[in-house]
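Student: One structure follows; several queries about it will come next.
The values are calculated or read from the model by the stated rules, or taken from the named source; none is laboratory data. Source: prediction; values computed, not measured. Quick note on the areas: whole protein, heavy atoms, side chains included, nothing else; ligands and nucleic acids left out. Shrake-Rupley method; radii C 1.70, N 1.55, O 1.52, S 1.80 Å.
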Amino acid sequence: MIDWVRSRPWLGDLALVAVVLAAELPRVASLKSLLITLACAGLVALGRRHPVPVVALVGVLYLLGTMPPGYDTPGSAMIIALYLAGRHAPARAAATVALGAAAVSATLTTDALVTHPLTGVTMTLFPMLPVTAGHVVGLRAELARRGREQAAERAVREERRRIARELHDVIAHHVSVVSLYMGAARRLIPTDGERARQALLTGEDTARQAMTEMRHLLEVLRTDGEKAEGLAGVGAAGLPALVEESGNAALEVTGEVVTLPAAVDHAVYRIVQEALTNTRKHAAGAASRVRLAYLPGRIEVEVSDNGRGASGGPGLGLGLAGMAERVSLVGGELTAGSAPAGGFLVRARIPLPEAT
């Protein structure tokens, strides 16, 4: 309901007209005051779009109300116009309006300033209050708007990082597998045509899987982040096929197998996938060992190899950084580095809900 009203600011303009008419019409005592009231009511409807001209015109009508015959000033319209100037005018213009209104008020209350200084000062400064109130409300609205924009930008950045992780995991893994089998086929063609053909077929199947997963990711994007069908294999149940596809790797599962939450299930698969990809990239020919342990209240994933261990400088590469982000999103922790016995070790500990 609030959003519906906000999207129709003209409703607020009409409400201000109604306020002025309701406040002033019962006090109308002459044709002059009636005309001033109607003119002021029409002007406040334009205050949101033209705050400074409106406050100036309403001020002129207010001064006309102080002139004979009678004394019937449109006080409510003047207060609303001053508020709208503070709310919608630039800060410098709003300050000028406030000072100008105070100067006019001081002129009108000269006698009071002399005979009753406190009352005179109060009356002089009073016109500055609605301008200040309007400016404060405007600042709060601007801060709220910027907060919403920043939240939207953060959401976009998070989504971009998520997509980047998915793309990196899918592309890096499958391309490294295709490269592995293409290299094997190239070496086998002169001596063993049948094995070379099998290697080429495996590389073709891997490329097809890459295209399938890429298509699933695009479906997620097209459906605004809703879970796409066909990702059932991207989970702990798909690890045996993933490890077998990687060639020189073995899988060990311990503990009582339980159904994992979807986010954890997906994270476990991607962690193993990325770790095996890193082994092929940085320790070609090394044997890998994948251990999946179902423990009370948590699940642990370890991927180790017998390669040469960490060889880079400080910091995480894109793959490890993506793994760390993925584990963090499901409330777990990730450690990665050289193993005590040699090689490289990636270990993730992820808590599980009690109901799992």
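Student: Show the residues, 5+ positions off or on another chain, whose built amide H is closer than 5 Å to the amide H of Leu251.
Tutor: Val290
Student: What percentage of the solvent-accessible surface of the stretch 100-152, computed with a 1.4 Å probe over protein heavy atoms, is contributed by carbon and sulfur atoms?
Tutor: Answer for the stretch 100-152: carbon and sulfur cover 72 percent of the accessible area.
Student: Also, quick follow-up: Distances over 17 Å make up what percent of all Cα-Cα pairs in the stretch 78-142? Walk me through the intermediate numbers first.
Tutor: On the way: 817 of 2080 pairs.
Here the long-distance tail beyond 17 Å is 39 percent of all Cα pairs in the stretch 78-142.
Student: Residue by residue through the stretch 10-17, which ³J(HN,Hα) values in whole Hz follow from phi under the Karplus form 6.51 cos²θ - 1.76 cosθ + 1.60 (θ = phi - 60°), with glycine and proline marked x?
Tutor: For the stretch 10-17, the Karplus curve yields 5, 5, x, 4, 5, 5, 5, 4 Hz.
Student: Heavy atoms only, probe 1.4 angstrom, no DNA, RNA or ligands counted: give me Val97, Val257 ranked by accessible area, highest first.
Tutor: Details: Val97 20, Val257 95 Å².
Most to least solvent-accessible, the answer reads Val257, Val97.
Student: Something else now. Apply the Karplus parameterisation 6.51 cos²θ - 1.76 cosθ + 1.60, with θ equal to phi minus 60°, to every residue of the stretch 269-275 and state each ³J(HN,Hα) to the nearest whole Hz, in sequence, with x for glycine and proline.
Tutor: Per-residue couplings from phi come out as 4, 5, 5, 4, 4, 5, 5 Hz.
Student: Sequence-distant or interchain residues sharing an amide H contact under 5 Å with Ile299, placed H: which?
Tutor: Excluding prolines and chain starts, which carry no amide H, the hits are Ile350, Leu352.
Student: Provide the per residue accessible area, probe 1.4 Å, for the stretch 89-160, rounded to a whole number of square angstrom.
Tutor: Values: 4950 Å² over 72 residues.
So the stretch 89-160 comes to 69 Å² accessible per residue, rounded to a whole number.
Student: Whole-Hz Karplus ³J(HN,Hα) for the stretch 298-306, in order, using 6.51 cos²θ - 1.76 cosθ + 1.60 and θ = phi - 60°, x for Gly and Pro?
Tutor: Whole-Hz 3J(HN,Hα) from phi for the stretch 298-306: 7, 10, 10, 10, 10, 10, 10, 9, 9.
Student: Still on this structure, I have one more. I'd like the accessible area for Glu142, computed on protein heavy atoms only with a 1.4 Å probe and all protein chains in place. Round to 10 Å², please.
Tutor: The value for Glu142 is about 60 Å².
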